[in-house]
1. Of the conditions (1) over 13 Å from ALA160 (Cα atoms); (2) surrounded by fewer than 17 Cβ atoms within 10 Å (Cβ to Cβ); (3) of a type in the set (D, E, K, R), GLU7 satisfies every one except a single condition; which number is it?
2. Which members of region 96-143 meet the condition of being assigned to a helix (DSSP H, G or I) and touching a Phe, Trp or Tyr at 6+ places or on another chain (Cβ under 7 Å)?
3. Applying the selection to region 36-71, what residues are among the aliphatic types (A, V, I, L, M) and in contact with a Phe, Trp or Tyr (Cβ under 9 Å, 6 or more places away or on another chain)?
4. Name the residues in region 1-36 that are under 19 Å from LEU57 (Cβ atoms) and of a type in the set (Lys, Arg), would you?
5. How many of the residues making up region 144-170 are under 12 Å from the mean Cα position of the chain (by Cα) and outside any loop (DSSP other than H, G, I, E, B)?
6. From the list VAL68, VAL15, VAL80, which residue is among the aliphatic types (A, V, I, L, M) and not in a helix (DSSP H, G or I)?
7. Out of curiosity, is LEU117 touching a Gly at 6+ places or on another chain (Cβ under 8 Å), over 20 Å from ASP17 (Cα atoms) and of a type in the set (A, V, I, L, M)?
8. Please count how many residues of region 133-176 are charged (D, E, K, R), under 18 Å from VAL8 (Cβ atoms) and surrounded by fewer than 16 Cβ atoms within 10 Å (Cβ to Cβ).
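The values are calculated or read from the model by the stated rules, or taken from the named source; none is laboratory data. In this text, all values refer to a predicted model and were calculated from it rather than measured experimentally. Cβ sites come from the backbone with ideal geometry, for glycine too, and all protein chains shown count toward neighbours.
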Amino acid sequence: MPTERDEVDYHEKIVVDLSKQMRFDLDPGAMARLRRMEVDSAGEADYWRLAAQCGFLQQNQDKWRRIVKLMALMCGKGEVGQRGALHDTRRGLGAALCDGGDLHWSPGPAGDGRPVLSETRFARFLEISPAGRYEALERLMRWLAAHRNSDSGVNCAEIAELILFPDPVRRLRQIARDYYRRLDFQSTKTETPEEAA
């Protein structure tokens with residue numbers, strides 16, 4: 001029987017494939033259709049092609065339609081191959097929400113010390129019920145897509161886990177840790193590797 005880690009690795013492989021397809025294969029019209037896709041519908045033909053090509057045809061389609069739409073919202077607009085970064089395993093969702101997708105943002109003396117997404121709004125997101133999580137994620141992905149630099153990707157596997165797993169407390173804690181680690185740059189200078197884990 002597969003462990004949760006096996007499932008996470010499997011889903012991450014799908015997310016990597018989806019990211020490549022969205023950035024390098026799908027034309028602008030297909031991407032626009034995926035961004036507008038009604039997640040409670042049967043799904044666009046472009047969605048079903050992705051499901052077959054990326055290996056989630058036999059998975060829960062209600063959840064994967066939502067994941068595909070969220071990733072499409074995050075994917076840069078433009079021609080094939082010129083859409084910037086999308087999935088980056090090294091860039092946690094919490095960090096991106098804190099700095100608004102700006103790799104050069106600083107909370108220290110050069111900045112004003114405030115996160116781009118307020119702590120209040122971030123806290124509301126962490127506390128949202130599983131029933132309202134997709135709608136909150138869609139709002140956040142639209143916000144992040146409007147703010148982030150095109151060269152700043154985000155760990156889309158974290159986004160997928162929030163949809164795929166009914167109670168992703170471990171993932172929400174990791175997102176919160178990444179948010180506050182990015183906000184408090186002093187703690188990252190003094191934190192030991194054991195504390196970061």
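1. Status for GLU7: all satisfied but (1).
2. Correct list: LEU97, CYS98, ASP99, PHE122, ALA136, LEU140.
3. Taking region 36-71 as the starting set, the residues that turn out to be among the aliphatic types (A, V, I, L, M) are 37, 39, 42, 45, 50-52, 57, 67-68, 70-71.
Result: MET37, VAL39, ALA42, LEU50, ALA51, LEU57, ILE67, VAL68, LEU70.
4. LYS13, LYS20, ARG33 - these are the residues of region 1-36 that are under 19 Å from LEU57 (Cβ atoms) and of a type in the set (Lys, Arg).
5. Residues flagged as under 12 Å from the mean Cα position of the chain (by Cα) and outside any loop (DSSP other than H, G, I, E, B) within region 144-170 amount to 11.
6. Matching residue, one of VAL68, VAL15, VAL80: VAL80.
7. Values: touching a Gly at 6+ places or on another chain (Cβ under 8 Å): yes; over 20 Å from ASP17 (Cα atoms): yes; of a type in the set (A, V, I, L, M): yes.
So LEU117 fits the description; yes.
8. 3
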